[in-house]
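K.L.:
Below you'll find the structure I mean.
The values are calculated or read from the model by the stated rules, or taken from the named source; none is laboratory data. Quantities reported herein were computed from a predicted structural model and do not represent experimental measurements. In this analysis, Cβ positions are derived from the backbone assuming ideal geometry, glycine residues included, and neighbour counts consider all displayed protein chains.
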Amino acid sequence: MRETPSDKAAAAGKVRHLVPAGSTALRGPPKVLDPESRVDLEKPGPARHPPQGPDIPQFDIKPPARPARPRNRHRFLAFTFLLVVIMPLILAGYYLWERAADQYASRLAFSVRTENQSTAIELLGGMTDLSGSSSSDTDILFAYLSSQELVSRVDARVDLRAIWSRVPMTQDPVFAFDPSGTIEDLQDHWSRKISIVYDNSTGLIDLEVLAFDPGDATRLAQAVLDECVAMINSLSSIAQEDSIRFTREELGNAVERLKTARRALTQFRNRTQIVDPSIDTQNQMGLLVTLQQQLADALIDSDLLQDTTRDNDPRIVQAKRRIEVIRARISSERRNLGLGEDGEGGAVFASLVGEYEGLVVDREFAESAYTAALAAHDAALAEVRKQSRYLAAHVKPTMAQKAEYPERTKIVLLIALFAFFSWAILCLVYYSLRDRR
């Protein structure tokens, strides 16, 4: 193939590198061949044999890139790094080490416990639940620790405004409290100065109380502990009252019923002048049986006299008179007992006995109800005595010897981390928007 003049001109203006395909022996920049030094195989001359082997492909290689130079966007990113990352760190470090006041921590930990004193029979039977924690009471106490009521009570005891405003707001506006703030402001500041950690599995509550003076921190922690103890005692009293209120009411009703039954029985005895009609009935029945026996004897005697004497014998008249008297007495006694032939009469003895027995039944029922109510009340009192709920403080309020707060290094590192990630996100957003143009 013969090169035309146009091919030579193109070769003169553009440098071509001959790189064998698949060659790994070349290192560094490719060797440049001068177009003038190339051998034209088509020109007349001595015969040359074409080279044996694969054809050597030719590649166009662009010149190397120029060194990078700072541009405006690079300067803008450096400026934003100073503004978003460096400046906040400088300001935070200055405030934390120059303006922020030292704070002391007082720690305490407690839990709500319930003691169940088992009887000897329960101990022999294996029912030995001697102690345990009340999770419901602990949950109530955890909610109470951040309530406005507790904040008000503790403020009335130790003056929270004075404790947390010991450092003036002009010096430390971030960690100090404005004494003119409302109770809502004081409750919000409470959540910043008192850290509460509650372990739901064990029922343990850990508190960390901060103040600008170690003595104030200890006094504040002790006031919180005392208020929690008072609240648990109040819950225990309410629970005990709820446990025995129903049995007390039932016992009172049983006592009133028993009094009414006994009063009715007393009025019956005063009205009838009979202490126990059942006893009088037995006596009356015995008299009636005796009269009937005498009547039978008198009838037998009268029959014997009629068989052995004449009709006008005075003894027969006397016997008949005796029989009539006995029958009249029997009739009178039967009427008194309510056993008369016609069932007529006033307040017969049977009616009195029936009324008396009804009053006795009412009294016995009232006595049984009173006995059951009294036993239930005594059992409730015993159960209340067996269960004792109290606040157990396994870590008493401590006295700090050095200021651990504010945690300056930790705060600065967190600010640096947050600021750097914020700056990086802003840079990524900027470049993503720039690439989409």
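K.L.:
Quickly run through region 209-218 and pick out the residues that are touching a helix residue (DSSP H, G or I) at 6+ places or on another chain (Cβ under 9 Å) and surrounded by 18 or more Cβ atoms within 10 Å (Cβ to Cβ).
P.N.:
Val209, Leu210, Ala211, Phe212, Asp216, Ala217
K.L.:
Then there is this: What tally of residues in region 162-211 results from selecting those that are within 13 Å of Gln103 (Cβ to Cβ), among the small types (Gly, Ala, Ser) and touching a residue at least 24 places away in the same chain (Cβ under 8 Å)?
P.N.:
So the count comes out to 2.
Here's the yes/no breakdown for (1) in a loop (DSSP other than H, G, I, E, B); (2) of a type outside the set (Val, Ile, Thr); (3) closer than 17 Å to Tyr430 by Cα; (4) outside the structural domain of Arg166 (by TED's automatic domain parsing):
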position	(1), (2), (3), (4)
Arg69	yes, yes, no, yes
Phe76	no, yes, yes, yes
Leu82	no, yes, yes, yes
Leu108	no, yes, no, no
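K.L.:
Quick check on my filter: what residues within region 357-390 are out of contact with any strand residue (DSSP E or B) (no Cβ under 8 Å at 6 or more places or on another chain) and farther than 20 Å from Leu251 by Cβ?
P.N.:
Correct list: Glu357, Gly358, Leu359, Val360, Val361.
K.L.:
Something else about it: Just to be sure, is Arg408 within 30 Å of Ser136 (Cα to Cα) and surrounded by 12 or more Cβ atoms within 10 Å (Cβ to Cβ)?
P.N.:
It is false that Arg408 is within 30 Å of Ser136 (Cα to Cα) and surrounded by 12 or more Cβ atoms within 10 Å (Cβ to Cβ).
K.L.:
On the given criteria, is Gly215 at pLDDT below 90 and under 19 Å from Val395 (Cα atoms)?
P.N.:
It is false that Gly215 is at pLDDT below 90 and under 19 Å from Val395 (Cα atoms).
K.L.:
Next up: Return the total of residues in region 101-144 being of a type outside the set (Gly, Ala, Ser), within 22 Å of Ser388 (Cα to Cα) and at pLDDT 85 or above.
P.N.:
Within region 101-144, residues that are of a type outside the set (Gly, Ala, Ser), within 22 Å of Ser388 (Cα to Cα) and at pLDDT 85 or above number 8.
K.L.:
Being at pLDDT 85 or above and aliphatic (A, V, I, L, M) is the filter; apply it to region 380-395 and report the residue that is nearest to the chain's Cα centre (by Cα).
P.N.:
Leu391
K.L.:
Conditions first: (1) among the aliphatic types (A, V, I, L, M); (2) within 21 Å of Ser152 (Cβ to Cβ); (3) surrounded by 13 or more Cβ atoms within 10 Å (Cβ to Cβ). Ala230 passes all but one, so which condition is the exception?
P.N.:
Status for Ala230: all satisfied but (3).
K.L.:
Could you tell me which residue of region 221-271 is nearest to Val353 (Cα to Cα), considering only residues that are among the β-branched types (Val, Ile, Thr) and more than 20 Å from the chain's Cα centre (by Cα)?
P.N.:
Restricting to residues being among the β-branched types (Val, Ile, Thr) and more than 20 Å from the chain's Cα centre (by Cα), the top hit is Thr266.
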